[in-house]
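J.: Starting off with a structure, shown below.
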Amino acid sequence: MIAEAGLAALWFAAALALLQLVLAGLGVWRSTPVRAEATGSARSDEETTLTADIIASVRPVAVVQGVLALFAMLLLITVFVRSDMSVLLVAENSHSDKPMLYKIAGAWGNHEGSMLLWVTILGVAGAAVAILERSLAKPTLIATLGAQAAIALGFYAFLLFSSNPFARIDPAPADGNGLNPLLQDPGLAFHPPTLYIGYVGISIAFSFAVGAMITRDVGPAFARAMRPWVLGAWIFLTLGITAGSYWAYYELGWGGWWFWDPVENASLMPWLAATALLHSVSVLATRDGLRAWTLMLAVVAFSMSMIGTFLVRSGILTSVHAFAVDPTRGSFILALLAIYIGGALLLFALRVGTVKQGNTFDAVSREGALIVNNLLLSVILALVLLFTLYPIVAAGFGTQLSIGKPFFDKFIGPIALALGVVMAVGPMVRWRRDDPGVVLGRMTVPVAMTGFALVALVALGGGIAWLPLFGLALAIGLAVASVLPLWGRNWRRTPLFTYGMVVAHLGIAVSLAGMACDAAFTQETLVAVRVGEPYRAGPFTVTLDGIKPVVGPNWSALEARLSARRGADGAVFYLRPQSRFFANPVTVTSESAIATRWDGQLYTVLGEPDGTGRWQLRLWWKPFVTLIWFGGALVALGGALSLLGRLRRERRVRVREAYA
Amino acid sequence: MKAKHQRLTLVLLAIGAVGGASLLALSALKDQAAFFYAPGDVKKDGLPIGRAVRLGGMVADHSIQRLADGVSMRFVVTDGVATVPVAFKGIAPDLFREKSGVVAEGSFNPDGSFTATNLLAKHDEKYMPPEIAGKMHETKTLQQ
């Protein structure tokens, strides 16, 4: 019964989305001034009331639609928790011996469930817009909710016609196939929902852009309404990417934190677009410039999140995420992709002519710096997209190839460094117009720090590749430059969003430093060791004390007992990497063991026995690698401070207007 | 600056930057993208020496030899048409075994052997790298 109720809730939610779209369309059409003139300027009271009724009804419909989608998702989680094997999805992806956390998270650790999660977040976010958004003009808000319903409808159709999560299986199997052991990790509970919230948040920004284009209402007010959603989406994308990177780092046991895997790129591309949008929307809100460009970026950001969903869900690319995929569904998502992106671009092409020119500015100005930022982000985005899709295109021409990490590093790295330089200078430039000489003067300290770091690294380090070298030197200068906007200001009167910017930029510097240190200073040891034989890994001495079998809730494992100490007289600590065997489904995974110190991580992986009593061990000493994810968290924190600051200011402005 | 000029400059700048970067990248792609080879392709097309390659096929039965240092191994990759001897140093993936699919990343040596820097094995019952699935299928059809 639970599964049927879930399916019914989905159908009702889909019907409401259709209703929401129709009502919004009617409402916008009836309230356009063009039509009012056509039917005679004196509209009857009756007709005006009807229009008002239609407009007023869109909001509750959006709320109920969101509640129904959430209800369906909760029911799916319920059947997973109860291990109801008569539901096909549960039988294929769950097992009664799984720990509770993975039964719950397993609900979205598969294709159908993750699509339902997508549409649930979309519905809930739509309801949130309907309830919370107060500052936007009514017709624009209604058009926004209409666009939101149109997006949701496509996904409801996808779920109901090709990926029904509630399908039954008869007869029900005695037990399920189990969840892919690589996914049986707390990361699964956190990583997909955060990324999806980010994707969906971008779709809301996109709906705002569509709404503004339909009602020809593109200006600072629209930018201010859209900004919190862009910021919110960006925070979640940042968190999702950071968490995903750390998850891959410790779970896959390869010692790397970013593989330029297509699915990683699929999450990075929307982030790049959202970062560009975040900065251009600021120009629109503050200076009323870059109107058309901001709209375009909203369309691009949404397209990227759709392409991301497509890449992940279609299984078209070889990837570590290549579980839970079904190529036949790819065509459905591809069709949705074509309709949404094509429709949005068409609307943009039709309406961009009516978007008035915004304010102009000098080349040396905050706007100018933000444009360079947008330009570089766009170039990176274009390259990542190109490299990710090129193997698919090449396969179409009969050539099989793959584009790996070295290639991405070589091309994206230098552009990212250039972007870092712009990021250091940008906040030190005034809006509208500034003097290049004065700006350079403000940059004296960071430039000096970067130069000093460069000289010191070349003199002391020696043999560091040029990219990590410049990366590390730039990170130091950038860290100084990012806190400079607080210099000489009254800290108590500095608005919260300025602190947000400072913290986010500082986070990028910290993360960059981590990446450069990992690339420059990592020491790797690969050995076959006997019990009791000590080996060196960076500043540590590691000894294999023994191998013991251990048993977990749904796995058994061989566990290496390693004792390690730093230098000759450091305190001894223990690491226990495992080689885990899962019975449902039959899989072996390596569980790395990581010891975190203030200045880096000792990362150990257990390999196989070689048959003569030795065991393979892979040991890495990774100085300051933790800064990568700490920086990512700082960036997200900066975003949150900024969001809070903006919301507070908007509220104050609204209150002031209400009393004026 | 006049509004019209500003817009024009920005558009040209954007097109120039994105286009230039893409052109540069595409020209480099020709040399550096790792092409996929099956042992049979090498027989047919000759050795791609000095470039990154992915070699895919099955690990031949009884071919895995572990060397004395405990971390190096040799094995033979076959696609039913030809075979390539492969040398690898490192920890093999969990599902790397004889008579099972593998993709080796690395490069060919002048003597026709392959030095792998990384191995990708079949992940689980559901997952097989699409290249292997494609190649295996191709080989089967050719043999029929």
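J.: In the stretch A:613-628, which residue that is part of a loop (DSSP other than H, G, I, E, B) and not β-branched (Val, Ile, Thr) is nearest to residue A:565 (Cα to Cα)?
T.: A:624
J.: Residues of the stretch A:83-93 being out of contact with any strand residue (DSSP E or B) (no Cβ under 7 Å at 6 or more places or on another chain), modelled with pLDDT of 85 or more and polar (S, T, N, Q), which ones?
T.: A:83
J.: Among (1) at pLDDT 90 or above; (2) more than 18 Å from residue A:65 (Cβ to Cβ), which single condition is residue A:203 missing?
T.: (2)
J.: Quick one: in the stretch A:350-375, which of the residues that are at pLDDT 85 or above and at the interface with another protein chain (Cβ under 8 Å from one of its Cβ atoms) is farthest from the chain's Cα centre (by Cα)?
T.: My answer is A:371.
J.: Pick from A:190, A:206: which is touching a residue at least 24 places away in the same chain (Cβ under 8 Å) and surrounded by fewer than 21 Cβ atoms within 10 Å (Cβ to Cβ)?
T.: Matching residue, one of A:190, A:206: A:190.
J.: On to the next question. Check off (1) at pLDDT below 90; (2) not in a loop (DSSP other than H, G, I, E, B) for residue A:96 and give me the number that stays unchecked.
T.: Among (1) at pLDDT below 90; (2) not in a loop (DSSP other than H, G, I, E, B), the lone unmet condition for residue A:96 is (2).
J.: Moving on. Quick one: would you say residue A:595 is within 35 Å of the chain's Cα centre (by Cα), away from chain B (no Cβ under 11 Å) and among the hydrophobic types (A, V, I, L, M, F, W, C)?
T.: So residue A:595 passes the test.
J.: Scan A:463, A:471, A:477, A:451 and give me the residue that is assigned by the TED database to the domain that holds residue A:514, under 14 Å from residue A:426 (Cα atoms) and not aliphatic (A, V, I, L, M).
T.: The conditions single out A:477.
Rundown of residues vs (1) within 12 Å of chain A (Cβ to nearest Cβ); (2) hydroxyl-bearing (Ser, Thr, Tyr); (3) buried (at least 17 other Cβ atoms within 10 Å of the Cβ), yes/no style:
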residue: B:10; (1), (2), (3): yes, no, no
residue: B:15; (1), (2), (3): yes, no, no
residue: B:23; (1), (2), (3): yes, no, no
residue: B:34; (1), (2), (3): yes, no, yes
residue: B:37; (1), (2), (3): yes, yes, yes
residue: B:54; (1), (2), (3): yes, no, yes
residue: B:62; (1), (2), (3): no, no, no
residue: B:83; (1), (2), (3): no, yes, yes
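J.: Just a yes or no: is a residue in the stretch A:162-179 assigned to a helix (DSSP H, G or I) and either among the acidic types (Asp, Glu) or over 30 Å from residue A:554 (Cβ atoms) (or both)?
T.: There is at least one residue in the stretch A:162-179 that is assigned to a helix (DSSP H, G or I) and either among the acidic types (Asp, Glu) or over 30 Å from residue A:554 (Cβ atoms) (or both).
J.: Among the residues of the stretch B:60-77, are any at pLDDT below 85, closer than 27 Å to residue A:398 by Cβ and not in a helix (DSSP H, G or I)?
T.: no
J.: Against the definition (under 25 Å from the mean Cα position of the chain (by Cα), crowded, with 22+ Cβ neighbours inside 10 Å and not assigned by the TED database to the domain that holds residue A:279), how does residue A:634 come out, yes or no?
T.: yes
J.: Among the numbered criteria (1) within 11 Å of chain A (Cβ to nearest Cβ); (2) in contact (Cβ under 8 Å) with a residue 24 or more places away in the chain; (3) within 22 Å of residue A:401 (Cβ to Cβ), which one does residue B:41 miss?
T.: Result: residue B:41 fails condition (2) only.
J.: Can you give me the number of residues within the stretch A:249-258 that are part of a helix (DSSP H, G or I) and touching a Phe, Trp or Tyr at 6+ places or on another chain (Cβ under 7 Å)?
T.: The total comes to 1.
J.: On the given criteria, is residue A:267 in a helix (DSSP H, G or I), out of contact with any Ser or Thr (no Cβ under 8 Å at 6 or more places or on another chain), buried (at least 23 other Cβ atoms within 10 Å of the Cβ) and modelled with pLDDT under 90?
T.: Against the criterion (in a helix (DSSP H, G or I), out of contact with any Ser or Thr (no Cβ under 8 Å at 6 or more places or on another chain), buried (at least 23 other Cβ atoms within 10 Å of the Cβ) and modelled with pLDDT under 90), residue A:267 qualifies.
J.: Looking at A:236, A:190, can you tell me which residue is hydrophobic (A, V, I, L, M, F, W, C), assigned to a helix (DSSP H, G or I) and farther than 30 Å from residue A:553 by Cα?
T.: Answer to the selection: A:236.
The values are calculated or read from the model by the stated rules, or taken from the named source; none is laboratory data. Predicted model only: the values in this text are computed from it and were never measured. For neighbour counting, all protein chains shown are included, and Cβ atoms are generated from backbone atoms with ideal geometry for every residue, glycine included.
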